[in-house]
Amino acid sequence: MATVLGAGISGLSAAYYLLQRFGYPATIFEASNRIGGWIRTERHKDKGFMFEVGPRTIRPKGIPGANTLKLIEDLQLPVDPVKSWQPAAKNRMIYAKGQLCMLPNSLGGIFKTLPPFSTSLLNQIRKDLSAGPKKLKFADESIYDFVERRFGTELATYAISPLICGICAGDAKEISVRFLMNDLFEKEQRWGGIIKGIIYDKIFGKKEKTPVEGIFAEAMPRLYEKAREEKWSMYRVPDGLETLPRTLGNYLREKEVDIQLTAECREIIFTRDGAKMNVKGRVINPKHIISSIPTHKLASCVKNQHPSLAALLMSIPYVDVAVVNLQYSTEDLLKFNAFGFLVPPIERLPILGVIFDSCCFDMEGNTVLTVMMGGRWFEENFGKEPTPKKLLDTALEHLDLVMGIKDEPAFSRVHVLKKCIPQYTVGHKQRVADIRRYIKQYDLPLTLCGAAYDGVGINDVILSARMQVQTLQALDD
Ligand SMILES: Cc1cc2nc3c(=O)[nH]c(=O)nc-3n(C[C@H](O)[C@H](O)[C@H](O)COP(=O)(O)OP(=O)(O)OC[C@H]3O[C@@H](n4cnc5c(N)ncnc54)[C@H](O)[C@@H]3O)c2cc1C
């Protein structure tokens with residue numbers, strides 16, 4: 001029988017898809033005393049607001065978005081959408097050259113020269129036509145280099161770099177182009193330009209369905225169709241995102257899935273007919289292991305028997321993020337109705353960005369903001385172990401600098417999320433292929449899912465769990 005490591009959203013999803021595919025309840029071993037992993041909501045119902053410590057919204061787009069909506073539909077969870085015409089979806093800003101700049105959010109906007117850019121977005125995109133082809137030897141480069149090569153330095157510095165800070169708290173000069181622009185990069189490499197590639201690919205490109213595209217070959221989920229019709233840009237779960245793993249956990253328990261908390265896996269020894277796992281001193285003998293735990297944790301479990309696999313797993317770096325949640329008891333604190341703003345690394349500020357939570361969702365008369373700090377630059381800005389006070393002071397100082405907010409928050413929380421986001425640096429795709437090749441070569445009864453391999457967002461990890469379970473053969477007891 002397969003065993004799942006980790007009760008974050010990917011481990012829970014893996015157990016859900018195991019149940020769907022093979023009809024048997026797996027056991028999940030979770031190191032901490034709660035389920036959900038990085039998904040964590042702090043509710044303050046008496047005051048009408050909540051803090052999201054980790055993720056807060058999910059995007060409904062594409063197959064990964066549809067897959068999550070199908071899960072949500074199956075669990076009968078209500079959702080709270082933000083429609084694409086609402087300010088929280090349309091208005092996204094960056095802080096650059098001493099001011100907050102609204103990014104173009106309409107067709108008209110791409111013809112205008114808006115700060116901090118020195119020319120219109122259209123002119124920047126047009127540069128691709130004259131940039132000329134460049135075949136890359138290693139089939140990868142940083143997303144910054146790619147965008148700079150095709151569209152120029154401004155777009156790489158003020159559009160892509162802050163976007164990468166927002167998605168993975170990373171440095172666009174290190175993150176692989178394949179992380180976000182795999183398809184555009186492939187087209188560019190094949191046809192010698194992005195715009196050319198998009199057009200030529202439409203005319204000459206063969207369109208074979210990938211296994212992922214095949215999962216909704218018959219019909220898209222009903223909730224996905226609704227999201228498309230109503231033009232959802234993103235959504236949350238009304239009682240906080242943690243309701244998603246909790247509901248999934250309850251569903252699994254009802255189906256007799258055994259979710260063991262405070263059950264950290266410390267060592268795995270693969271045997272001829274499965275594995276021997278040390279779970280807090282107890283020995284467990286699963287036939288197969290699905291690991292959704294971070295790669296550095298899995299590395300320490302397998303290092304005695306498979307040091308080379310451990311080394312490959314350790315080659316995926318992670319960053320720490322400080323999350324400062326703030327609540328003000330007034331409604332009209334913000335001058336802008338927007339999703340929030342991001343800070344390009346070139347500004348050298350110690351904050352990655354600020355999310356205006358109360359612009360996205362109703363917080364009953366409160367202003368709620370989340371300041372994200374650190375990431376790739378955590379140690380550089382804060383040292384190894386900053387105090388919560390230092391982090392809170394930095395957050396408040398920069399809210400004043402960027403938005404002129406001088407008020408003291410009525411309530412605040414500071415969390416340092418250690419090694420919370422894996423970094424898909426240049427060569428990541430190859431690293432993941434090497435890890436999976438090693439597992440195949442040694443015929444290890446081990447399957448990998450979770451944020452380190454096939455995408456860092458919630459949609460990605462749920463889909464990754466589904467696709468990995470699909471690769472499994474039936475496992476006898
Ligand atoms: C600050 C932040 C903001 C984010 N915002 C968004 C967002 O808005 N939208 C979005 O889509 N995504 C967002 N993400 C990404 C999203 O949170 C992750 O993709 C997702 O939560 C990863 O889930 P997971 O199950 O793969 O990993 P995890 O949540 O890390 O779960 C792994 C679990 O394994 C357990 N574990 C570890 N070691 C062991 C062991 N040895 N034995 C047993 N159990 C173990 C851990 O305790 C944990 O519960 C954000 C992430 C962060 C950190």
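If you filter the range 254-272 down to residues that are assigned to a loop (DSSP other than H, G, I, E, B) and at negative phi, you find that the one that is nearest to the ligand (Cβ to nearest atom) is Glu264.
Does Tyr251 count as closer than 18 Å to Arg466 by Cα and out of contact with any Gly (no Cβ under 6 Å at 6 or more places or on another chain)? So Tyr251 fits the description; yes.
Every residue, every condition in (1) free of Cβ contacts under 8 Å to residues at least 60 places away in the same chain; (2) farther than 30 Å from Lys390 by Cα, yes or no:
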residue: Val414; (1), (2): no, no
residue: Leu417; (1), (2): no, no
residue: Pro422; (1), (2): no, no
residue: Gly427; (1), (2): no, yes
residue: Ala433; (1), (2): yes, yes
residue: Ile439; (1), (2): no, yes
residue: Leu448; (1), (2): no, yes
residue: Asp454; (1), (2): yes, yes
residue: Leu463; (1), (2): no, yes
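The single residue among Arg413, Arg376, Arg436, Arg431 that is touching a Gly at 6+ places or on another chain (Cβ under 7 Å) and modelled with pLDDT of 95 or more turns out to be Arg376. Could you check, for the range 292-307, whether at least one of its residues is farther than 30 Å from Met50 by Cα, in a strand (DSSP E or B) and within 14 Å of the ligand (Cβ to nearest atom)? No: the range 292-307 contains no residue that is farther than 30 Å from Met50 by Cα, in a strand (DSSP E or B) and within 14 Å of the ligand (Cβ to nearest atom).
Test of understanding: among Ala227, Ala275, which residue is assigned to a strand (DSSP E or B) and more than 10 Å from the ligand (Cβ to nearest atom)?
Within the list Ala227, Ala275, the selection yields Ala275.
Candidates in the range 34-50 are the residues that are farther than 15 Å from Asn250 by Cα and not in a strand (DSSP E or B); of these, the one that is farthest from the ligand (Cβ to nearest atom) is Asp46. In the set (1) in a strand (DSSP E or B); (2) under 30 Å from Val371 (Cβ atoms), the condition left unmet by Ile316 is number (1).
Condition (residue is under 20 Å from the mean Cα position of the chain (by Cα), assigned to a loop (DSSP other than H, G, I, E, B), at pLDDT 95 or above and within 15 Å of Leu248 (Cα to Cα)) applied to the range 66-79: is it met by at least one residue?
yes
Modelled with pLDDT of 95 or more, among the acidic types (Asp, Glu) and within 16 Å of the ligand (Cβ to nearest atom): which single residue out of Asp454, Asp443, Asp400 fits that description? Sole residue among the options that is modelled with pLDDT of 95 or more, among the acidic types (Asp, Glu) and within 16 Å of the ligand (Cβ to nearest atom): Asp454.
The values are calculated or read from the model by the stated rules, or taken from the named source; none is laboratory data. None of the values given here were measured: they were computed from a predicted structure. FYI the Cβ positions are ideal-geometry reconstructions off the backbone, even for glycines, and counts take in every protein chain you see.
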